[in-house]
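Okay, structure first, notes after.
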Amino acid sequence: MSFPLEEELVPAGLEAVGMRTAYCGALRAGDIGRTVSACGWVASRREHGEHLAFVDLRDHTGIIQCVVDGASDLRSEHVLRVTGKVRPRKEGTENAAISTGEVELGDCEVEILSVAEPPPFSLDARSQTDEAVRLRYRYLDLRTARMQHNLRLRAQVNSALRRAMEHQGFVEVETPMLWTPTPEGAREFAIPSRLQRGSFYVLPQSPQIAKQLLMVGGVDRYYQIARCMRDEDLRADRQFEFTQLDIEASFVGQGEIHAFVSEAVIDTTTAVTGQRPPEIVTMTWNEALERFGTDKPDLRFAMELVSLDEAVAGTEFKAFSGSETVRGIRLAGGGESTRSRLDSLVERARNLGAAGLVWMRVQPGGVLDSPVAKFLSEAHQHQIIAAMAAEPGDLVLIVAGERALTGKVLGQLRLDLGQPAVSERPFRFTWITEFPLFEGFDDEGHLVAAHHPFTMPHPDDIDLLETDPLAVRSQSYDLVLNGWELGSGSIRIHRGDIQRRVFSALGISEEDAEARFGFLLGAFRYGAPPHGGFAVGLDRLVAILAGEDNIREVIAYPKTQSGADLMSGAPRPISTRQLTELGIRVVSPPEAASDKQGTTAPSGA
Ligand code: ASP
């Protein structure tokens, strides 16, 4: 990963004021002869003769070497103000690895502004430090160049997104945090009301309903860098609270929404990386599953799934002839794979649900080395090789079975074998359209909305709502970046008649709908414009642009897998007085707290 240049960290024309006259990382040969004051933390101290020491002073812009006389009381992470004369380093001692490597501060006068206890981990050894320790002392972790870079990059992304949205006529409107259930379907965080005991607010899973109401309210083009809260299990790309670029617009269709969002993400990516990403490709959900076995295709590499149905037509090999479909992927040069490697691929495919995995090493002359070669005629073997466009030295992996399963297994094997790290360039944004309106049935036999119940069906499929609901496509769409889902959105239903039909398909009765979303449906009776919107997951976008595989690296104060904030100790019990005031009695004491790391506050916090 690369850290920003000093020019990006000290915006042009920003003068050092207050206690300092220079930033540590900004000093250059051109400053030689100036007497400056710099402020920061002691990054390291190296003795230099009897009295002298080299003290590396660090601020958010970098490090400057200071030559200090009598530095014995200067310890790691002490906060100093150093006044000295910029001078060239002794010949041969320059350090090309840092931006100030040609110079140092000499004749230094040091003022200790604050002393520091020895830090619990060395900031230079961040990568070897357990994440739990870094999160517990996050304020120390934040001093590292990597975290400074990530937080500043995040701010740049926010600011570029705001510019792009404002440029397109969008207005930022803040929506409430104390809210009521919204329809994304995740578990919600509830906040007890003190004034209306027994009633609860809900933290918004997204501003979904609020933004649709803004459309009814005539706002026309809304956006917000919005905080959203979902009480779901955490993963590398998911936190309880996350940030979205949330948008909604009136009197437009899917094409315009895509154009708004595309401009925002392309401009932002260009602004923070200095490189315009490739044009955004659009493909339907069906095509994505067909070609990549997933609705989050990573287009940075090929290895597409290939149908072998025609190539194996008429075969007597039961595993192929008795299956709904036969599909394969080709790993160029993979023919060198050892038996144990191939066995582990078979194992992986089985774990993913496949009955088996057929491997074929393509030999010179178009001969197949495969445990099933003896069951396939020469013609079938040649047809498979031709369909896969396989060359000698390649490995072909084949799965037979149901369409969805072959897609899932081969889609995953394709990623296992070919996917670069998510943050590796180029940044390939992809629009996926025409998702199904429903994703299946719940335990009670009701259809489940794939996006949310306000998603407009595809105009050609509305009449299938009652007869063949699973075949109904929707006007919803996802944006994918390098195989990560970056966000989703849809054109909304603004007509009561269609909304009633969708609710009825979902098994939501009129009373139910009234109770859950009555205030939205009520508003629609007073004139709702056709509208649609989108939400881009900012934590994921920033992580990818920052070169991080984990969103915790781009969040100032993230939570652990178990939902704990190791620094503040949250969540923790509240006082009996507070509970009484809220009218709440805790029935089962949190004895399980012991398996949550760090729920006790660190000493001194
Ligand atoms: N509210 C949706 C979400 O958070 C996005 C949208 O449909 O605009 O996923």
- Failed condition for Thr599, given (1) modelled with pLDDT under 95; (2) surrounded by fewer than 14 Cβ atoms within 10 Å (Cβ to Cβ); (3) part of a loop (DSSP other than H, G, I, E, B): (2)
- Query: Taking interchain pairs and intrachain pairs at least six residues apart, which have beta carbon atoms under 8 angstrom, with the first residue in segment 144-171 and on the phi > 0 side of the Ramachandran plot and the second at pLDDT 95 or above?
  - Reply: Gly169/Asp220; Gly169/Arg221
- Can you tell which of Thr284, Thr325 is β-branched (Val, Ile, Thr) and under 21 Å from Arg428 (Cβ atoms)? Thr284
- Task: Considering (1) under 30 Å from the mean Cα position of the chain (by Cα); (2) within 16 Å of the ligand (Cβ to nearest atom); (3) surrounded by fewer than 22 Cβ atoms within 10 Å (Cβ to Cβ), say which one Ile491 fails and leave the rest.
- Result: (3)
- What number of residues within segment 448-471 satisfy the criterion of being hydrophobic (A, V, I, L, M, F, W, C), more than 26 Å from Gly537 (Cβ to Cβ) and in contact with a Phe, Trp or Tyr (Cβ under 9 Å, 6 or more places away or on another chain)? 1
- For segment 440-449, enumerate the residues that are part of a strand (DSSP E or B) and surrounded by fewer than 13 Cβ atoms within 10 Å (Cβ to Cβ). Gly440
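So for segment 265-280 (the condition being farther than 30 Å from Glu553 by Cα and within 16 Å of the ligand (Cβ to nearest atom)), does at least one residue qualify? Full working, then the answer.
First, pick out the residues of segment 265-280 that are farther than 30 Å from Glu553 by Cα: none.
Checked segment 265-280: no residue is farther than 30 Å from Glu553 by Cα and within 16 Å of the ligand (Cβ to nearest atom).
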- Item | Yes/no for Arg154 being within 30 Å of Ala546 (Cβ to Cβ) and buried (at least 17 other Cβ atoms within 10 Å of the Cβ) | yes
- Query: Restricting attention to segment 236-246, does a residue exist that is closer than 21 Å to Pro204 by Cβ, of a type in the set (A, V, I, L, M) and in contact (Cβ under 8 Å) with a residue 60 or more places away in the chain?
  - Reply: yes
- Message: Yes or no: segment 386-404 includes at least one residue that is buried (at least 17 other Cβ atoms within 10 Å of the Cβ), touching a residue at least 12 places away in the same chain (Cβ under 8 Å) and part of a helix (DSSP H, G or I).
- Response: yes
- Query: Only one residue in Pro453, Pro457, Pro469, Pro529 is farther than 25 Å from Ala226 by Cβ and within 16 Å of the ligand (Cβ to nearest atom). Which one?
  - Reply: Pro457
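Using the structure shown, decide if Ile498 is in contact with a helix residue (DSSP H, G or I) (Cβ under 9 Å, 6 or more places away or on another chain), surrounded by fewer than 16 Cβ atoms within 10 Å (Cβ to Cβ) and either modelled with pLDDT under 95 or not in a strand (DSSP E or B) (or both).
Against the criterion (in contact with a helix residue (DSSP H, G or I) (Cβ under 9 Å, 6 or more places away or on another chain), surrounded by fewer than 16 Cβ atoms within 10 Å (Cβ to Cβ) and either modelled with pLDDT under 95 or not in a strand (DSSP E or B) (or both)), Ile498 qualifies.
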- Within segment 300-328, how many residues are within 15 Å of Arg403 (Cβ to Cβ) and touching a Lys or Arg at 6+ places or on another chain (Cβ under 7 Å)? 6
- Starting from segment 435-454, take each residue that is in contact (Cβ under 8 Å) with a residue 12 or more places away in the chain and list its partners that are within 15 Å of the ligand (Cβ to nearest atom) and among the aromatic types (Phe, Trp, Tyr), counting only C-beta distances under 6 angstrom and pairs at least six apart or across chains. Ala450/Phe435
- Yes or no: Ala570 under 30 Å from Gly483 (Cβ atoms) and of a type outside the set (Ser, Thr, Tyr)? no
- Item | Residues of segment 471-488 satisfying the condition of being of a type outside the set (Gly, Ala, Ser) and either at pLDDT below 95 or under 17 Å from the mean Cα position of the chain (by Cα) (or both) | Asp478, Leu479, Val480, Leu481, Asn482, Trp484, Glu485, Leu486
- Task: Pull up segment 504-535, narrow it to residues that are more than 34 Å from the chain's Cα centre (by Cα) and in a loop (DSSP other than H, G, I, E, B), then point me to the one that is modelled with the lowest pLDDT.
- Result: Ser509
- Task: Please find, within segment 199-240, the residue that is farthest from Arg525 (Cα to Cα) out of those that are away from the ligand (no atom under 13 Å from the Cβ) and assigned to a strand (DSSP E or B).
- Result: Arg235
- Item | Number of the exception - Ser250 against (1) more than 15 Å from the chain's Cα centre (by Cα); (2) of a type in the set (Ser, Thr, Tyr); (3) within 13 Å of the ligand (Cβ to nearest atom) | (3)
- Which one is surrounded by the most Cβ atoms within 10 Å (Cβ to Cβ) among residues in segment 64-108 that are among the hydroxyl-bearing types (Ser, Thr, Tyr) and more than 14 Å from Gly33 (Cα to Cα)? Thr100
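The values are calculated or read from the model by the stated rules, or taken from the named source; none is laboratory data. From a predicted model like this one, the values you see are computed outputs, not experimental measurements. Counting neighbours? That spans all protein chains shown, and the Cβs are built from the backbone with ideal geometry, glycine included.
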